[in-house]
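Trainee: What follows is a structure written as structure tokens; I'll ask about it next.
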Amino acid sequence: MLKLYGTSKSRSVRSLWAIEELGLKYEHVPTNQPQAKTPEHLKINPNGHIPAIDDDGTIIWESMAINLYLAEKYGKGSLWPASVEDHGHTYKWSFFGMTELEGHLLTLLTQRIFLPADQRDEKVAARAIESLKAPLAVLEGALKGREYLLGNSFTIADLNVASVLSWALLIKLDLSATPTAGAWLQKCLGRDANKKVRGLP
């Protein structure tokens, strides 16, 4: 049986979401970041991070790699697009989420939530907000006139990008300048599979 090691309060939530969307039977092994450094977990992920999966002996770590693997293996006809061209677009948007959005959002989480109030730097936060304007505009443009990133169907590309951008809601980032992207984000996050996994340990 598929096992996922991680917690919904981490990047693991995006892989839990993908598993639920795919309707797979799985065992969730709640694992927080300190537990990921234990000798037992280091046999699964030698980097000492979460999430990781064990799919009947195939061990994959890195949340985006996990999601792309699961979608390709189990999601044909649902989360995984049919054409090779759309596979390329799926990789493109997934990497876009990691390279163009996640770093700036993590900076904002750090400056607005994680750090004690007396250690926060609003100038750093402001620079991160400014840096997000261009990629958010790219996302806005891509979604104009279509329901989802690849067309009319929700795919792993949408899940991957929305899971990253969900951090914007935690920090109450103003998305009014990109209303199409904002509405798409709410639609993605409102899916039953996502709502289910947010309540997991």
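Trainee: Would you confirm whether any residue within the stretch 171-185 is touching a helix residue (DSSP H, G or I) at 6+ places or on another chain (Cβ under 6 Å), polar (S, T, N, Q), without any contact (Cβ under 8 Å) to a residue 40 or more places away in the chain and outside the structural domain of GLU72 (by TED's automatic domain parsing)?
Mentor: No.
Trainee: Going by what's in this entry, would ILE53 be described as touching a residue at least 40 places away in the same chain (Cβ under 8 Å) and either touching a strand residue (DSSP E or B) at 6+ places or on another chain (Cβ under 7 Å) or surrounded by fewer than 17 Cβ atoms within 10 Å (Cβ to Cβ) (or both)?
Mentor: Yes, satisfied.
Trainee: Determine whether LEU70 is over 25 Å from ASP55 (Cα atoms) and not charged (D, E, K, R).
Mentor: No: the conditions fail for LEU70.
Trainee: Restricting the search to the stretch 159-179, which residues are of a type in the set (S, T, N, Q) and over 20 Å from SER94 (Cβ atoms)?
Mentor: Residue satisfying the conditions is SER176 alone.
Trainee: Continuing with the same structure: Which members of the stretch 75-133 meet the condition of being crowded, with 17+ Cβ neighbours inside 10 Å and outside any helix (DSSP H, G or I)?
Mentor: Of everything in the stretch 75-133, those that are crowded, with 17+ Cβ neighbours inside 10 Å and outside any helix (DSSP H, G or I) turn out to be GLY75, LEU79, TRP80, PRO81.
Trainee: Right, here's the next one. Run down LEU115, LEU101 and say which single residue is touching a residue at least 60 places away in the same chain (Cβ under 8 Å) and either more than 22 Å from ALA18 (Cβ to Cβ) or out of contact with any strand residue (DSSP E or B) (no Cβ under 9 Å at 6 or more places or on another chain) (or both).
Mentor: LEU101 is the lone residue from the list that is touching a residue at least 60 places away in the same chain (Cβ under 8 Å) and either more than 22 Å from ALA18 (Cβ to Cβ) or out of contact with any strand residue (DSSP E or B) (no Cβ under 9 Å at 6 or more places or on another chain) (or both).
The values are calculated or read from the model by the stated rules, or taken from the named source; none is laboratory data. In this text, all values refer to a predicted model and were calculated from it rather than measured experimentally. In this analysis, Cβ positions are derived from the backbone assuming ideal geometry, glycine residues included, and neighbour counts consider all displayed protein chains.
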